[in-house]
1. Determine the per residue accessible area of the chain with all protein chains present and a 1.4 angstrom probe, expressed in square angstrom.
2. Given 7, 68, 42, which one lies farthest toward the positive end of the charge dipole of the chain, if we put +1 on the Cβ of every Lys and Arg and -1 on the Cβ of every Asp and Glu?
3. Which whole-number percent is the relative contact order of the chain (Cα, under 8 Å, 6+ apart)?
4. Could you sort 93, 50 by their accessible area in this structure, using a 1.4 Å probe and putting the largest first?
5. Rg/Rh for segment 1-94 to two decimals, with Rh computed the Kirkwood way over all alpha-carbon pairs.
6. Is segment 117-170 rounded, prolate or oblate when judged by the Cα gyration tensor, a ≥ b ≥ c being the square roots of its eigenvalues, rounded requiring a/c under 1.5 and prolate requiring a/b larger than b/c?
7. Could you state how much accessible area residue 108 has, in square angstrom rounded to the nearest 10, with a 1.4 Å probe and all protein chains kept in place?
8. Could you calculate the FRET efficiency of residue 161 with residue 85 from 1/(1 + (r/R0)^6), where r is the beta carbon distance between them and R0 is 22 Å, rounded to 0.05?
Amino acid sequence: VASLFCGLFPWWAFQEGATRGMSALVDQSALLRRIPMPPFLCVCAATISSFLLQMVGFLLFLAAFSLAGLVTPAIVWLWLPLVMLLSLALSLSLGMVLAPIYLAVRDTMWVVTALMTVGFFASPVLYELDFLPSSIRFLAAWNPMAALIGLYRSLVLGVAWPEPLAVLVL
């Protein structure tokens, strides 16, 4: 169960941060017309706020599972903020790239939503990489979310670290 939550919360934070960042310019168009400000600030605000909301949920999960004895707090948890920043950077960069595209082509949201669904099942959110056949496991190294979720699971659950190549791709 703890492994599932270590996959779900980072995925939710990434997905919600990227999609809200993508739609931020359209959502805040009235504000951007009235107040002279750099448009990227709207993307940053939308991404960071939704990302932080999911990370609060992740921290509550850690507290509840620690109290229930399902996970054991460890000193390596001090590395979690760094991994969270890496997660935020990935989500924010995708939101920054997609926001101007969505501003010009509104059907981008449908494409991104479909790709996020595919990405959810292609990422080790519901499963661990060890469950994949070895013949396709190397493909997971090219999925940045595989390394990211692997880092969360390594720090929280003490499982093996992700492949160095996967972390490098991330």
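1. Heavy-atom SASA per residue in the chain reads 55 Å².
2. 42
3. About 33 percent, as a whole number.
4. Details: 93 55, 50 5 Å².
Ranking 93, 50 by accessible area, largest first, yields 93, 50.
5. 1.10
6. Since a/c stays below 1.5, the shape of segment 117-170 is classed as rounded.
7. Roll a 1.4 Å probe over it and residue 108 shows about 20 Å².
8. My answer for the efficiency is 0.75.
The values are calculated or read from the model by the stated rules, or taken from the named source; none is laboratory data. This one's a predicted model, so the numbers in the text were calculated from it and none came from an experiment. FYI the Cβ positions are ideal-geometry reconstructions off the backbone, even for glycines, and counts take in every protein chain you see. The area values use the complete protein model at the heavy-atom level, side chains included, leaving out ligands, DNA and RNA. Shrake-Rupley method; radii C 1.70, N 1.55, O 1.52, S 1.80 Å.
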